[in-house]
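Each reported figure results from applying straightforward, stated rules to the coordinates on display, with no laboratory input. All values reported here derive from a predicted model rather than from experimental measurement. Heads up, the Cβs are rebuilt from the backbone with ideal geometry, glycines too, and the neighbour counts pull from every protein chain shown.
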Amino acid sequence: MSIIALTANTSNNIKQECLEAGMDDFLAKPVDKNVLGAVLVRYLDRDF
């Protein structure tokens, strides 16, 4: 299972903090639909 952080917090180190906490990827709001689609495809293509 993959965990993707979705946050409105865009401080300089929040992405690194999320990844260090064990999340697989990071998206900041507002989310661009093309970026969201690419991230979802990347993780949905993995074996479960």
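Magnitude of the Cβ-charge dipole of the chain, K/R +1 and D/E -1, about the Cα centre, nearest 20 debye?
Taking the Cα centre of the chain as origin, the dipole is about 180 debye.
In whole Å and largest first, what semi-axes does the C-alpha gyration tensor of the chain yield when each eigenvalue is scaled by 5 and square-rooted?
Working through the eigenvalues yields semi-axes of 19, 15, 6 Å.
Could I have the simple spin-label model distance between Asp24 and Asn12, label points 7 Å from Cα toward Cβ, reported in nm to one decimal?
According to this spin-label approximation, the distance is 3.1 nm.
How far apart, in nm, are two points set 7 Å out from the Cα along the Cα-to-Cβ line at Val31 and at Ser2?
1.2
When only C-alpha pairs under 8 Å and at least 6 residues apart count, what is the relative contact order of region 4-44, in percent?
Relative contact order comes out at 43 percent.
Could you work out how far helix 33-44 tilts from the main Cα principal axis of the chain, as a 0 to 90 degree angle to the nearest 10?
60
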